[in-house]
Each structure stands twice: as structure tokens, then as C-alpha cells.
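> Structure in C-alpha cells, see below.
Nothing in this text is a laboratory measurement; each read-out follows from the coordinates by a stated rule. Owing to the predicted nature of the structure, the values given are computational and were not obtained by experimental measurement. As a convention, Cβ positions derive from the backbone with ideal geometry for all residues, glycine included, and neighbour counts pool all protein chains shown.
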Amino acid sequence: MSRTVALLLALVLVLAACASDGADDTEASAATEAPAATEGPVATDAPEATEAPAATDAPVATDAADLAACPDPIVITTDWFPESEYGGVYQLTGGEGSIDPESGAFTGPLAYGDVPRDVEIRSGGPFVGFQPGSSLLYADDDILLGFVNTDSQITLADSTPTVAVFAAIETNPQIVMFDPETYSWDSWDDVRESGAVINTFAGAYYTDYLIATGIVDAEQIDPSYDGSPARFIAENGAIAQQGFATQEPYNYEFDFEDWGRPVDYLLIQDSGWEIYSQALGIRADKLEDDTVRSCLGALVPILQQASVDFMADPGPTNDAILQAVIDLDSFWVLSEAGIANTIVMMEELDVIANGPNDTIGDFDLDRVSEVIRLGREVGLDIPEGLTAEDVVTNEFIDPSIGR
């Protein structure tokens, strides 16, 4: 009788194990390394999230999330020098690391999860010949993620298709700045009549929108800006110039002694061109790789938590960003007071923030669809049939993580 009971018990245990394996095959596994959304940073020390407790319920729609699936180093390319607007990305190292002055690459250990990885954050702009992030992703297979803007994504969707997986910036802080002693602009309605030249980077798609909608005349756009303050100062405010609301207004008033007075600005976003700027994108073809998907399932929630942690306690990472800029020793300058002001402006403008819900880093598909619609309306070369789902995804986002 006892042998019969034992056999029956063994059979039950085998059936239970099989049922468990079947459930694992049909349901997405939780991110085992993703930091918990409820853990906050310690105010007096480095953010607590550097201990990165596991998130047991991160909803990844496909493939088990696994930080060990990520490459080492994890390479992310930006579009400019180190600055606090990108603090959520630099927060990945918890304030540790250093920069190579020649290449502009900042390298430090990943401060989240229990899988040893280095993070390499590459500067953009003049370090890469002002190439867009999508081009860099295809030029260098070592780059996992790169900064992409919605407008560049939709216009380059045929040649270098990318999918944005994390909205690092909610409100685009890009501006056209001007001297209020020269121009008294209260809104975009005042710009065209002034006839002012606007110095921008070449290839800025928002200028196509501004021209096509009649907000400015084509003759007003001068796409020769190189990021330096020299021309704006030399022309004594006769021209307007692109910049960031979180940087240039403070820098020109307090850091650039040759100018030393206030500037005013208009947000590009307020013109109606509401792109996601500096989103983290990946080559579209890499999303077909199960290993890459497993990596993103763990890494994207970490990026979400790092952004939350940075805004809660930006000190250590801001110190690392400031030191990196000092080590680069270029025309791009930051100061402790300027960085502090950047954080204030980022809060005021909701730069690193939740979207219309309680989640940080996800995409509003209607917003992306509207950019595609407007892009077609103003004559941008956008592939027929392209939709928001082709250029952004919330698949790897943990909706429980937010500010």
C-alpha cells in the first residue's frame, strides 16, 4: 500500500512541474534585474537604486528580461556634450566614471542590477560630425541605443529605420532664443514679421515645419549654427538662435561674460511641432533578435528608474557631468550654479517627467501620429503607410515606474 501511495505522489509532482514549465513558455517573465519602482534615493548619499532590487512584476510582452543578455559595455550615443538634460542616462553609472577627452566617451560601471556591466555614453554633435543617431546606429554595430528624434525617425524610416524604446525626455526643451532688447516677441506669431535671421543646426526638421506653415519665411533660416555662442555674441543679438531652454538662457546671462544679460525664447514645442526629442532608439532589425529583446526587457525599466532617481537626487550624477565637461575643455561650458538652474527648469518644463499618465518614459502614440500627419502635410518625405507603431514602442516599459 505504501509503494502505491509513493508512486501516486511522484506522478503528481511530475505533472505539477510540467504545468509550471508550460506557464513559463506562454507568459512573459518578470525583469529579474530591473530596479523596484517603489525604492527612492537616499537624500544624503548616492541614490538607493544603485543597489537595484529586482522588480518582480515588470511586464515585458516578449522574451524573458535578462540583463546578462546585454552587451558589455552597453553603448549609448547621445547628440551633444554631457549635460543635465541627459542626466537620466548618465545616472546609469550612479555618478561614477570618467570621460575620454578625445572621443567624448564617458565610461563607468552600471550601478543597477547584479550583472556586472560597463556603460559607455558617447557624446554627439561635433564629436561625430553632427550625424543623427539613426545613422550612427547603422554605422557602428557596437552601439545598442542612440538618441533619435521623432521627426528624423519618420523621414529616415526607409534608409535607417529605428524604433524608440524609451522617451528619455517628455517635453522638448529646444528653443529659438533672442535678445529682448532687439525683438519683443510674445509668441510665434511675431517672428515672421520681424524678418530676423534664425541660426539653426543644419537638417533641423522643425525649420521645414516653421516655413511650410508660414510661421517664418525661408529666408529667415540660416542652418550654419555649430553650437558655439560666438556668432550670437558678435552680432549683438541681431540674429535669433536655437538652443535649450534649460541651458542657453542661463549660460548667456551668467556664464558668457561677453554677453552677460538676459535672453528670451520661444519653445519649438509651442509652435505645434511636438516631437519626442532625444528618445533612446534602436535599429529596427535588432528587435528581431531574442537576445536583444531580453536585454531591453531588463534595461528599459532600469532607464526608467534611473530617470526617477536622477530627478530625486541629481547631485552625484551632475557632479560627474560637470567634471566631464571640464575634462573636455571645449567651448561647451557648464557651472555648478548653471546645472542647478537646469534642474529647476527641467522641473518647470516637465523635461524628465511622466507623460499624461503615471509612467515615465512611455510614448503617447497619438502624439507621434500627429507628428507623422503634420510631417506629410508640410512636405517631409515620409514612407507611405508609416504609423506610430513603426517608430516607437512601449513594449519594454514598466508602467509602474514613474515620478
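> Taking amide H atoms as placed 1.01 Å from N in the peptide plane, list the residues 5 or more away in sequence, or in a different chain, whose amide H sits under 5 Å from that of Asp118.
Those qualifying (amide H under 5 Å, at least 5 residues apart or on another chain) are Ile74, Leu110.
> Quote to one decimal, in nm, the extra length available between Tyr183 and Asp358 on full extension: 0.36 nm per residue of separation minus the C-alpha distance between them. Don't skip to the end; give the middle numbers.
Details: separation 175, 0.36 × 175 = 63.00 nm, distance 3.93 nm.
The span from Tyr183 to Asp358 would gain 59.1 nm if fully extended.
> Another question about this same structure. Please work out whether the stretch 174-271 counts as rounded, prolate or oblate from its C-alpha gyration tensor, where a ≥ b ≥ c are the square roots of the eigenvalues and a/c under 1.5 means rounded, while otherwise a/b larger than b/c means prolate and anything else oblate?
Working: a/c = 1.68, a/b = 1.50, b/c = 1.12.
Cα axes put the stretch 174-271 in the prolate bin.
> Let me ask something else about it. Taking 0.36 nm per residue of separation and subtracting the Cα-Cα distance, what length does fully extending Ala202 through Glu219 add?
Values: separation 17, 0.36 × 17 = 6.12 nm, distance 1.43 nm.
Once the chain is fully extended between Ala202 and Glu219, it gains 4.7 nm.
> Would you mind working out the magnitude of the charge dipole of the stretch 225-320 relative to its Cα centre, with +1 at each Lys and Arg C-beta and -1 at each Asp and Glu C-beta, to the nearest 20 Debye?
Details: 5 positive and 17 negative charges, 47 e Å.
The dipole magnitude comes to about 220 debye.
> From the phi of every residue in the stretch 263-274, what ³J(HN,Hα) in whole Hz does the Karplus formula 6.51 cos²θ - 1.76 cosθ + 1.60 yield, where θ is phi - 60° and glycine or proline is x?
Once rounded to whole Hz, the list reads 10, 10, 7, 10, 6, 4, 4, 6, 7, x, 9, 9.
> Once fully extended, how much extra length lies between Ser400 and Ala238, figured as 0.36 nm per residue of separation less the alpha-carbon to alpha-carbon distance? Show your work: numbers first, answer last.
On the way: separation 162, 0.36 × 162 = 58.32 nm, distance 4.83 nm.
Full extension of this stretch gives 53.5 nm more.
> Which residue, Ala196, Ala234, Pro223, has the largest displacement toward the positive end of the dipole of the stretch 174-271 when charges sit on each Cβ (Lys, Arg +1; Asp, Glu -1)?
Checked the options; the winner is Pro223.
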